[in-house]
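To start, the structure itself, in structure tokens.
The values are calculated or read from the model by the stated rules, or taken from the named source; none is laboratory data. Everything numeric in this text was worked out from a predicted model, so none of it was measured. Backbone-built Cβ (ideal geometry, glycine too); neighbour counts: all protein chains shown.
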Amino acid sequence: EAQVTQNPRYLITVTGKKLTVTCSQNMNHEYMSWYRQDPGLGLRQIYYSMNVEVTDKGDVPEGYKVSRKEKRNFPLILESPSPNQTSLYFCASRGAGQETQYFGPGTRLLVL
Amino acid sequence: AQKVTQAQTEISVVEKEDVTLDCVYETRDTTYYLFWYKQPPSGELVFLIRRNSFDEQNEISGRYSWNFQKSTSSFNFTITASQVVDSAVYFCALSEGRKLIFGTGTRLQVFP
């Protein structure tokens, strides 16, 4: 089954404790993105990757890092989480020449 | 700048009523894509439809229909004979190269 997976689905952590949210897709898609969803703001792009080893900032990159060492994986790293990073996070992917992005199930993060 | 406006924050209807969700967009691009996604209470984002800027034909899929009008920069979504299972947050989105620009969403509650 074609899908985008994220782990963990739910995470509670404390300020300053480094964490990683994993994202993996099995569709051989070139493009992958991370978005965060906040009430009243919709979804906003954090980071973007066009292919392996090619990443770029989105609209709200501060406090986040990403890497793309393999085509299927695109982890989101919070080196020192803060309460304002409490949010619902989505990973998405799409193939080259395609326009539709497919989203993972989301990761709910609470930073205390 | 590209922008998507969903002016209806929340809509409540009784089952079997028809309901229209409004979406207005702004873009300087001549080629673009518009999308609708559904976010049920479980939180995932479900792709519903994609429309490109060259195709102004309305589309119907079962109880769902979409009305795309370039003249008014609108891409409205109608649910006919709504059901309780339609209760969700619905997002309209506009493609901008490497990312999607989302509206703030409309929460639809369908009561039995």
Please pick out the residue among B:F47, B:F35 that is within 14 Å of chain A (Cβ to nearest Cβ), surrounded by fewer than 18 Cβ atoms within 10 Å (Cβ to Cβ) and under 13 Å from the mean Cα position of the chain (by Cα). B:F47
Matching residues in the range A:69-112 - criterion: being among the basic types (K, R), surrounded by fewer than 19 Cβ atoms within 10 Å (Cβ to Cβ) and touching a Phe, Trp or Tyr at 6+ places or on another chain (Cβ under 8 Å): A:R108
Condition test on B:T9, is it touching a residue at least 24 places away in the same chain (Cβ under 8 Å), surrounded by 12 or more Cβ atoms within 10 Å (Cβ to Cβ) and either away from chain A (no Cβ under 14 Å) or touching a Gly at 6+ places or on another chain (Cβ under 9 Å) (or both)? no
Regarding the range B:76-83, can at least one residue be identified that is in contact (Cβ under 8 Å) with a residue 60 or more places away in the chain, of a type in the set (A, V, I, L, M) and not in a strand (DSSP E or B)? yes
Out of B:T72, B:T30, report the one residue that is at pLDDT 90 or above, β-branched (V, I, T) and more than 23 Å from A:S93 (Cβ to Cβ). B:T72
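Filter the range B:13-53 for residues that are small (G, A, S) and touching a Lys or Arg at 6+ places or on another chain (Cβ under 9 Å) and give the result.
Within the range B:13-53, B:G43, B:S53 meet the criteria.
Here's the yes/no breakdown for (1) touching a Lys or Arg at 6+ places or on another chain (Cβ under 9 Å); (2) within 12 Å of another protein chain (Cβ to nearest Cβ); (3) closer than 20 Å to B:L45 by Cβ:
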{"position": "A:D59", "(1), (2), (3)": "yes, yes, yes"}
{"position": "A:K69", "(1), (2), (3)": "no, no, no"}
{"position": "A:L78", "(1), (2), (3)": "yes, no, no"}
{"position": "A:P83", "(1), (2), (3)": "no, no, no"}
{"position": "A:G95", "(1), (2), (3)": "no, no, yes"}
{"position": "A:Y102", "(1), (2), (3)": "yes, yes, yes"}
{"position": "A:P105", "(1), (2), (3)": "yes, yes, yes"}
{"position": "A:L112", "(1), (2), (3)": "no, no, no"}
Which residues, taken from the range A:11-64, are in contact (Cβ under 8 Å) with a residue 60 or more places away in the chain, assigned to a strand (DSSP E or B) and of a type in the set (A, V, I, L, M, F, W, C)? A:L11, A:I12, A:L19, A:V21, A:C23, A:M32
Looking for something more than 14 Å from chain B (Cβ to nearest Cβ) and surrounded by fewer than 13 Cβ atoms within 10 Å (Cβ to Cβ) - is there at least one such residue anywhere in the range A:38-50? no
Do we have A:P81 as part of a loop (DSSP other than H, G, I, E, B), modelled with pLDDT of 95 or more and closer than 26 Å to B:G105 by Cα here? no
Given the structure, is B:G105 within 14 Å of chain A (Cβ to nearest Cβ), surrounded by 13 or more Cβ atoms within 10 Å (Cβ to Cβ) and modelled with pLDDT of 95 or more? yes
